[in-house]
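Only one structure is covered here, and it is reproduced in the block below.
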Amino acid sequence: MEYTLKENGGFLMQYLKDEVRNSIAEEALKEFMEKGYEGASIRSIAKKSNTSVGNIYKYFESKEALYENLIGSVYHRLIDYIKQFDKVELNENAQLIFYELMEKIMEVVNESSTEISILLNQSKGSKYENCKNIFVDFITRIVTETMKYQLSNKGRKLKDNFAIYLVSHSLVESIAIIVRERKDGAEVRKLILNIVDIFYTDIVDKLDSEDI
């Protein structure tokens with residue numbers, strides 16, 4: 001197939017535009033990772049990507065739009081997983097569902113570790129800053145249902161799930177630290193599974209419960 005000079009020029013222009021856009025995205029990820037959403041500066045991103053502030057706004061209309069472009073798909077993927085699990089009845093399968101969620105999270109971490117780290121550690125001021133709380137509430141719900149089921153088999157019932165909430169909060173914070181400090185996928189997976197075991201092994205025997 002033959003191309004005219006005009007067509008070849010068009011391909012070259014598109015290639016150059018993609019190069020600029022990719023450079024902006026790469027430097028923006030570094031900026032958000034280092035300074036967080038609130039502290040990140042379009043001017044700083046422009047300088048590091050060897051372009052102008054005005055040129056960045058040709059590709060992204062605002063800092064929020066740039067952040068959304070980089071982080072949004074990862075956030076929505078995680079939320080979609082939670083919504084899928086929310087539709088499942090929690091009973092004796094709750095523990096299995098919990099570990100399936102951990103596997104899904106680790107899958108995303110393996111593919112988008114920088115984006116996950118930004119989402120969990122550096123999203124204050126963005127529309128995703130409530131992400132941690134969403135995960136804490138969901139994990140608390142799953143673990144609570146698991147404990148209720150296990151206790152019922154012993155003829156007991158849970159008095160209060162505040163301790164479960166505290167442990168779930170600690171788990172999410174631990175995952176946030178792991179993805180921030182460790183980049184090797186296999187190591188991240190091992191650390192997360194170890195933390196889950198440390199937090200939840202035999203927890204049912206430590207909860208405040210009473211006879212049914």
Quick one: check the C-alpha center-to-center distance for the range 60-136 versus the range 174-212, whole angstrom.
17 Å
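If R0 is 35 Å, what FRET efficiency do you get for K206 and N55 from their C-beta distance, rounded to 0.05?
Calculated value: 0.05.
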Test item: Cα-centred dipole of the range 71-211, Lys/Arg +1 and Asp/Glu -1 on Cβ, debye
280 debye
With angles folded into 0 to 90 degrees, how steeply does helix 5-39 sit against the dominant principal axis of the chain? Use alpha carbons for both and round to 10.
40 degrees
Calculate log10 I(q)/I(0) of the chain for q = 0.18 Å⁻¹, where I(q) comes from the Debye formula with a single equal point scatterer on each Cα and nothing for solvent.
-1.21
Taking the range 39-105, which trypsin sites (Lys or Arg not before Pro) meet the DSSP loop condition and have no more than 13 other C-beta atoms within 10 Å?
K87
Report relative contact order for the chain in percent, whole number only (criteria: Cα-Cα under 8 Å, sequence separation at least 6).
20 percent
Name the residue, out of N153, N133, N121, whose mean-square fluctuation peaks in a Gaussian network model built on the chain with Cα pairs under 10 Å.
N153
Could you give the angle, 0 to 90 degrees to the nearest 10, between helix 162-181's Cα long axis and the longest principal axis of the Cα atoms of the chain?
30 degrees
Loop chymotrypsin sites (Phe, Trp or Tyr not before Pro), the range 35-105, which have at most 11 other Cβ atoms in a 10 Å radius of their Cβ (DSSP)
none
Collect residues whose amide H, placed 1.01 Å from N in the peptide plane, falls under 5 Å from the amide H of R156; neighbours closer than 5 in sequence don't count.
I212
Signed unit charges on C-beta, dipole axis of the chain, positive-most listed residue Q150, V172, I139:
V172
What distance in nm lies between label points placed 7 Å from Cα along the C-beta direction at K83 and N22?
3.2 nm
Taking the Cα centre of the range 128-169 as origin, work out the dipole magnitude from +1 charges on Lys and Arg Cβ and -1 charges on Asp and Glu Cβ, in debye rounded to 20.
320 debye
The range 76-135 -> Rg/Rh from Cα coords, Kirkwood Rh, value 1.01
Compute the distance in nm between two label points, each set 7 Å from the Cα along the Cα-to-Cβ direction, one at E100 and one at N133.
2.8 nm
Dipole magnitude of the range 52-119 about its Cα centre (Cβ charges: Lys, Arg +1; Asp, Glu -1), debye to nearest 20:
300 debye
Pairing the Cα long axis of helix 63-86 with the longest principal axis of the chain, what angle in degrees results, from 0 to 90 and rounded to the nearest 10?
30 degrees
With springs connecting C-alpha atoms under 10 Å apart, model the chain as a Gaussian network and identify which of A186, A25, A94 has the largest mean-square fluctuation.
A186
Summing -39500 (n - 2.57) over the DSSP H runs of n ≥ 4 in the chain and dividing by its residue number, what mean residue ellipticity at 222 nm do you reach, to the nearest 500 deg cm²/dmol?
-25000 deg cm²/dmol
Calculated FRET value between D197 and E68, using beta carbons and R₀ = 35 Å, to 0.05
0.45
Looking at this model, which pairs from K35/K58; K63/K124; K35/K124; K47/K183; K157/K206 are more than 18 angstrom apart at the alpha-carbon?
K35/K58; K47/K183
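A short reminder: the numbers here are calculations on the coordinates, not readings from a lab. In this text, all values refer to a predicted model and were calculated from it rather than measured experimentally. Cβ atoms come from the backbone with ideal geometry, glycine included; neighbour counts cover every protein chain shown.
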